[in-house]
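Just below is one structure, and these are the notes that go with it.
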Amino acid sequence: MPNDFLERDRFTATEESKLLHDLQCNILAPHRRVHSAHLLIGLPSDGAQARRYVGEWSDRVTRASEVAEDQAKRTRTLKRWGWWNVAWTGRWRIRVGKAVGWDRLAESEPRPALKRGLVRSFMVSHGALRADRLGRSEEIPLVETEFRALTGAGETEPMSWSAGAWERPFRGNQIEAQILLASDDLDELKEAVAAEQTRLETGDMDGRVLQTLWGYVARDRERRPVEHFGFVDGVSNPEVLESEYRWATRRHGVYRPRFPLKSFLFELNGSPGRYASFQVLQKIEQHVGRFRQLSQLEQEAMVGRKADGTPLEAMGPGGINDFVYDFEASKPRCPFHAHIRKSNPRLTKLRSEMAVLFPRRGMLYGEREADVTTGEFRDEPDSGVGLLFMGYMGGIHRQFGRMVKTWMANSRFGGGVHTQNVGEDLIGPAREPDPAKDYTTVLGGAYFMVPPLAWLEEFKPTAAAGSDQ
Ligand code: HEM
């Protein structure tokens, strides 16, 4: 690949297919499955066994190209059979009184092209790389550099503001890898989780599943993805692939051109043309009851959007993502402390946020009571539910770190306009956590490296045997 590849946002068909062939799914485009499971694991204790286990994943992870082909096939089928099919299924769904989504559409659909299968992704934790558990950490220099930048000079890691409350196994660098499984079919997913546990923990493997996090997508009555507070989510995300950019533009309107590849990927040291991504995972509990005690206006001001995704700031003709914060306006509408403003200042002229933003691929966790006909949440729990936040990026420090520390957790950050105390972000208090006041609590988190397939292949038994000699 050419030297400036990571700076680019447009590719030839050959370049794109080569890239997608070597990358794992869920980085450049979401996997779009309804259910997910995240197995946080300890690798086999013996180094050679650990390397063999990692190598086996090269034949098992889902390539980005497979998800892209699957999605294209699905779109073609829907076009051929007509969207009335989807509408009909929606009515059927209401009649039988079940909150269902695409998974049920797939089940009720005899045409196999609409069935989206299980996807698998495998990633190695930052802790395991730092401890050089696989003997190949020199290829990922950014992890070391960035970690030092975040922890050195008295600074804290960006996600550690409530580290005291972190659940096991997030404490003490126990997590060495993550297996991400996702499917529209929950039974299929459960079987796959059990099979992965057996593979890791039995026979000559002595790895351990430390915890399995279960995620899902919830939808409002218009079938849009929502988070637990009831707001439409997944509106604003950087895009780089032509197909994703077009899809997002059609759906929400886009306020920025396509983002460069470096927003998503970095190049492995010493391996020109081989790209990986970092994943930031956070388990964030949402105190729904406490949030719901706020008035509707206060809730909207916390987020910066109305529940249906309409921005508080005036939007352009493109749709709910077509807006910037216009500093010349005499009556700005969106408060500076709003979550979407603190996490993306959308500077009219500077565009500096383009170097910081990264794709978010979060899933919800925790059971809720939902209306049987519309699928809308009916209860207001204060614990046990939240977001499995997942961001993919080319640099943890320059992206996640900067967003959290310089923007969100900075109460004097006024979007580059003034430095008065603008208040706290919905998810990141710039002070010590307060269980009586906070609307969210970070229960844990970890950084991972999502390697390309070629990197995994080099750990396969034959290659490993060669390199051990
Ligand atoms: C429980 C925790 C969280 C909740 C409930 C939440 C909720 C939301 C909602 C409702 C939106 C608006 C939909 C959209 O524009 O896509 C949003 C956008 C966003 N969130 Fe969060 N979020 C959470 C955690 C985080 C975290 C941890 C980060 C990053 C560190 C983050 C970064 C962003 C960004 C960058 C946007 C898009 C802003 C824009 O481009 O306008 N969020 N979030």
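Every number in this text was worked out from the coordinates using simple rules, so none of it is lab data. Here the structure is a predicted model, which means the values were calculated and not measured. Note that we place each Cβ from the backbone using ideal geometry, even for glycine, and neighbour counts take in every protein chain shown.
Among Met354, Met363, which comes first, then next, by fewest other beta-carbon atoms within 10 Å?
Sorted ascending by nearby Cβ count, the order is Met354, Met363.
What nm distance separates the two modelled labels at Glu201 and Asp322, each placed 7 Å from Cα along Cα→Cβ?
Roughly 5.3 nm, to one decimal.
Check Gln24: other-chain or 5+ apart residues with amide H under 5 Å from its amide H, H built from backbone geometry?
Ala64, Leu453
For the cross-link pairs Lys262/Lys283; Lys190/Lys306; Lys73/Lys262; Lys190/Lys262; Lys405/Lys460; Lys262/Lys437, which exceed 31 Å when the distance is taken from alpha carbon to alpha carbon?
Too far apart for the 31 Å limit: Lys190/Lys306; Lys190/Lys262; Lys405/Lys460; Lys262/Lys437.
Using modelled backbone amide H atoms (1.01 Å from N, in-plane), which distant-in-sequence or interchain residues come within less than 5 Å of Asp322's amide H?
Those lying under 5 Å, H to H, from Asp322 are Gly316.
How large is ³J(HN,Hα), in whole Hz, for each residue of region 206-212 in order, when computed from phi with the Karplus curve 6.51 cos²θ - 1.76 cosθ + 1.60 and θ = phi - 60°, using x for Gly and Pro?
Values, residue by residue: 10, x, 9, 8, 7, 6, 10 Hz.
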